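Read through the structure below, which is laid out as structure tokens, and then see the notes.
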Amino acid sequence: MCLGFLIKNYKLLISSPSRLHFGFLDPNASLGRRYSSLGLSISNFDTKLLTNASSSIEVFGDVCNSEIKKTILSLIIKLQNHFQSSRGLVVELISVPPRHCGFGTGTQLGLSIAKSFCIHYCYPFNINELSVIVGRGSRSGIGIAAFQSGGFMIDGGKSNYALPPPLLIQKKFPDSWKILLMLDNSKTGLHGNDEKEAIKRLPKFEKKISSHLCHETLLRILPAVVEKDFNSFASGLNEIQRIMGNYFSPVQGGSNFLSKEVETLVGWLTKNYNIAYGQSSWGPTGFAIFESHELLIKALNDAKKERLINSSMHTVICEASNVGASVEKLNDS
């Protein structure tokens, strides 16, 4: 019998990594499975929260704004309804990445709350079932996989809209490959109803293009990750980003990037350095992956000298996170 919720001074610290979404392989389901995504779990942008059992719901924290508080309240109510429970949760939000910027924050927040609720009250945590309950995984399974295992991930697309896409592949990403994130603080990516309407306006995705993307993924990108072949990895990912950027450009201002500032900086980096680059999901966040930390630092310093990073932007250095979410039990003494 589980008595965790009866322990008065019992808290959970949950940290879950963000993810970069690299693109879809078949948005039109030419073989019956729609979307199919590839992506990477990253460090330095964790969703972190501290929770304890309660008869009521309380949400607070220095980084907790009205939108996030409303979201967390809604998540807890969904879990109460699902488990037919009246139990609440006290949630202190410690850190959260920028929302609607390409980090998959909504998924990490939803699954962190679900995990916490299940541990405190001894409910079974079925990640696929609870992803549906908290409204995640409707197109991509990469955020769910990041929470579960981290690393470089590929999902199998959706055949049943009631279930998230299955995780097909999870591989450890090379530790020496470092990532430069480029954030535009003046913009947010499409989300909610705007995102749904934008997807409806996209043109048909040709089967031959989908086949090409699958070929690049299976026989270039994936072996390159396993063998730590940076040049092949960059070549394959840049091709996928080029094609997906062109496909989504009609609904993001005619460009492969939502942010012109990010596009300019990425363009300069590609001319001067050997990188894997692109935009995560709807942006505006851009990324550049370097073969080494030394190359990244040199490129960043050169970009600053060229005054390519203006006041609306900031850059963050991170690396892959090859583990999923962590849960730590704490005594509140």
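For a quick check of your reading of the model, give me the residue pairs whose first member lies in the range 95-120 and is over 15 Å from LEU20 (Cβ atoms), whose second is among the acidic types (Asp, Glu) and outside any loop (DSSP other than H, G, I, E, B), with beta-carbon atoms closer than 7 Å and at least 6 apart or on different chains.
Qualifying pairs under 7 Å: SER95/ASP46.
Please name all residue pairs, on different chains or six or more residues apart, with Cβ atoms under 6 Å, provided the first residue is in the range 47-70 and is assigned by TED's automatic domain parsing to the domain that holds VAL91 and the second residue is of a type in the set (Phe, Trp, Tyr).
Correct list of pairs: ALA53/PHE5.
Would you mind listing the strands (runs of 3 or more DSSP E) fully within the range 8-120 where at least 3 residues are within 11 Å of the chain's Cα centre (by Cα)?
Values: elements: 10-26, 35-54, 57-60, 88-95.
In the range 8-120, 10-26, 35-54 are the strands (runs of 3 or more DSSP E) which contain 3 or more residues that are within 11 Å of the chain's Cα centre (by Cα).
This table checks each residue for (1) touching a helix residue (DSSP H, G or I) at 6+ places or on another chain (Cβ under 8 Å); (2) not in a loop (DSSP other than H, G, I, E, B).
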{"site": "ARG136", "(1), (2)": "yes, no"}
{"site": "GLY143", "(1), (2)": "yes, yes"}
{"site": "MET153", "(1), (2)": "yes, yes"}
{"site": "GLN170", "(1), (2)": "yes, yes"}
{"site": "LYS187", "(1), (2)": "no, no"}
{"site": "LYS196", "(1), (2)": "no, yes"}
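Taking the range 79-99 on its own, how many of its residues are of a type outside the set (A, V, I, L, M, F, W, C) and in contact with a strand residue (DSSP E or B) (Cβ under 6 Å, 6 or more places away or on another chain)? First the steps, then the outcome.
Initial filter on the range 79-99 (of a type outside the set (A, V, I, L, M, F, W, C)): 80-82, 84-88, 92, 95, 97-99.
With in contact with a strand residue (DSSP E or B) (Cβ under 6 Å, 6 or more places away or on another chain) added as a condition, the list becomes 88, 92, 95, 97.
Number satisfying all stated conditions: 4.
Quick check: is even one residue across the range 299-318 under 30 Å from LEU167 (Cβ atoms), out of contact with any Pro (no Cβ under 6 Å at 6 or more places or on another chain), crowded, with 20+ Cβ neighbours inside 10 Å and not acidic (Asp, Glu)?
Scanning the range 299-318 turns up no residue that is under 30 Å from LEU167 (Cβ atoms), out of contact with any Pro (no Cβ under 6 Å at 6 or more places or on another chain), crowded, with 20+ Cβ neighbours inside 10 Å and not acidic (Asp, Glu).
Return the total of residues in the range 228-280 being touching a residue at least 24 places away in the same chain (Cβ under 8 Å), farther than 23 Å from SER311 by Cα, of a type outside the set (A, V, I, L, M) and not in a helix (DSSP H, G or I).
The number of residues fulfilling the criteria is 3.
Identify the residue in the range 92-121 that is of a type in the set (S, T, N, Q) and within 18 Å of VAL63 (Cα to Cα) and, among all such residues, is surrounded by the fewest Cβ atoms within 10 Å (Cβ to Cβ). Let's see the steps before the verdict.
Initially, the range 92-121 is screened for residues of a type in the set (S, T, N, Q), giving 95, 105, 107-108, 112, 116.
Still in the running and within 18 Å of VAL63 (Cα to Cα): 95, 105, 107-108, 112.
Numbers: SER95: 13, THR105: 22, THR107: 27, GLN108: 29, SER112: 28.
For the range 92-121, the residue satisfying everything is SER95.
The values are calculated or read from the model by the stated rules, or taken from the named source; none is laboratory data. Please read all numbers here as calculations on a predicted model, not as lab measurements. Ideal geometry is used to build each Cβ from the backbone, glycine not excepted, and the neighbour counts take in all protein chains shown.
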